[in-house]
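Note sheet for the following structure.
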Amino acid sequence: MGMIKKYFMPNEYVQSIFQIDIQKLADSGMKGIITDLDNTLVGWDEAEPTDAVKKWFKDVNEAGMTITIVSNNNERRVASFSKSLEVDYIFKARKPRGRAFNQAAQSMQLDPAEIVVIGDQMMTDVFGGNRRGLFTIMVVPVKHTDGFITKFNRLVERRLLQHFRKKGYITWEEN
C-alpha cells in the first residue's frame, strides 16, 4: 500500500490556491510552481483570470518564484488565459505523463526539489508530480462540474481519499 500513498497522496491539501502560504514555500527553497488551470485557478468554463488570481500570480512573483501553467486542455484555452498573466504555459500536457513536467522544469531552469505542483486532481497533477519527486499541493476544485474523464478520475480519487483517511495518513480537515 506504500506505493499508492507515495504516488497519490499530496504533500498538502487546501481549499484553494489562496490558502497556500507562498512565503513559506519560498523560504523552504521553492523557486517554481507548475500549476494546473481548469478548476485549479478558475472554473473550467471561465475564460479569463479573475482579479484575485492575477494578484496571486503577482504575489508569487514578488516572493521570487516563477510559474508555468501546465494543462491538458487545448492551445486556444491555455494560451489566451496565460497571455494576460504573462506566464509560460504548456498545453495538451497529457498529465500524469512526465514530458510536460520535465519541460516546465527545464524552461524554469530549476531542479525538481525546487518545484511545487498545484492542481485539483489526484490522478493527473498529484500523481504526475509525485512520480517526479516534486512537492504536490492539491486544491479543492473551483467548480463541481467536470468533463467525462475527470468524472471517472474523481471517483477513483474519492476512494483513495477515503483509504488515506482510514489509514490515518490524512491529517487535514475537509470543509
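Where a number appears in this text, it was derived from the coordinates with a stated rule and is not lab data. As the structure is a computational prediction, the values presented were derived from the model and not from experiment. A quick note on method: Cβ atoms are made from the backbone with ideal geometry, for glycine too, and the neighbour counts reach across all protein chains shown.
Summary of values
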read-out	value
Ranked by how many other beta carbons lie within 10 Å on average, peptides 116-125, 74-83 from highest	116-125, 74-83
Protection proxy ranking of 151-162, 86-97 - average other beta-carbon atoms within 10 Å, highest first	86-97, 151-162
Counted charge near Phe8, where neighbours are those whose Cβ lies closer than 11 Å (Asp, Glu -1; Lys, Arg +1)	+2
The chain: antiparallel DSSP beta bridges as a percent of all, rounded to 5	0 percent
Neighbourhood charge, 13 Å Cβ-Cβ cut-off, centred on Lys31 and excluding it, Lys, Arg +1 and Asp, Glu -1	-3
Residue with peak Gaussian network fluctuation, the chain [Cα springs, cutoff 10 Å], from Thr40, Thr50, Thr66	Thr50
Over the chain: helical MRE at 222 nm, DSSP H runs n ≥ 4 each giving -39500 (n - 2.57), nearest 500	-11500 deg cm²/dmol
Environment charge at Leu41 (Cβ cut-off 11 Å; Lys +1, Arg +1, Asp -1, Glu -1)	-4
Rh by Kirkwood over Cα pairs, then Stokes-Einstein D for the stretch 11-144 at 1.567 mPa s and 4 °C, µm²/s	90 µm²/s
